[in-house]
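Bear in mind these aren't lab numbers, they're just calculated from the coordinates by the rules spelled out. As the structure is a computational prediction, the values presented were derived from the model and not from experiment. In this analysis, Cβ positions are derived from the backbone assuming ideal geometry, glycine residues included, and neighbour counts consider all displayed protein chains.
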Amino acid sequence: MRILALDVGDKTIGVAVSDELLLTAQGLQVIRRHSLESDLKSLNQVITQYEVQEIVVGFPKNMNGTIGPRGEFSRDFAEMLKSQFPHCAVRLWDERLSTVAAEKMLISADVRRSERRKVIDKMAAVFILQGYLDSRHGS
């Protein structure tokens, strides 16, 4: 079993997957969004290839814990995934500051701005998934 994490945006979806022991998160790809149909096709390929049984969708809450338009968008996307992939459990995971953390990590690794833009969503998905995996193990 593996767990998939998604950082869902308007233009891209960052994708990360766990190892089989559910200990670590690895960034897979950034899906460029063209249509819901193509998004689902790309996600289905990943779900099938990695035998995913659980999907974690980043849930961007406001810093005060309220849910804004981005949070509602993610919640709606998660509901759609539940209906499209009924064999997978779908969960929302608080992703506050995951993109900020990913950006700081890439900057500290001296990754150029143009390269950061290409991988930031994938790295945000890694932060989301690693946080979720750590919480499962009580870390």
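May I ask you to list the GluC sites (Glu not before Pro) in the stretch 8-80 that are in a DSSP loop and have at most 16 other Cβ atoms within 10 Å of their Cβ? Taking the stretch 8-80 and a limit of 16 other Cβ atoms within 10 Å, the loop GluC sites (Glu not before Pro) found are Glu20, Glu51.
Using the 10 angstrom Cβ neighbour count as an exposure proxy, how do Lys11, Lys122 rank, fewest first? Ranking Lys11, Lys122 by Cβ neighbours within 10 Å, fewest first, gives Lys11, Lys122. In plain terms, the residue of Asp76, Asp10 with the fewest other Cβ atoms within 10 Å comes first and the most crowded comes last, giving Asp10, Asp76. Two-decimal Rg/Rh of the stretch 1-104 from alpha-carbon positions, Kirkwood Rh? A ratio of 0.94. Near Ser74, once Lys and Arg are set to +1 and Asp and Glu to -1 for all other residues with Cβ below 11 Å from its Cβ, the sum equals -3.
The slack in the chain from Asp94 to Asp19, taken as 0.36 nm per residue of separation less the alpha-carbon distance, amounts to 24.9 nm.
Residues whose amide H lies under 5 Å from that of Val90, counting only those 5 or more places away or on a different chain, are Ile55; hydrogens are built 1.01 Å from N in the peptide plane.
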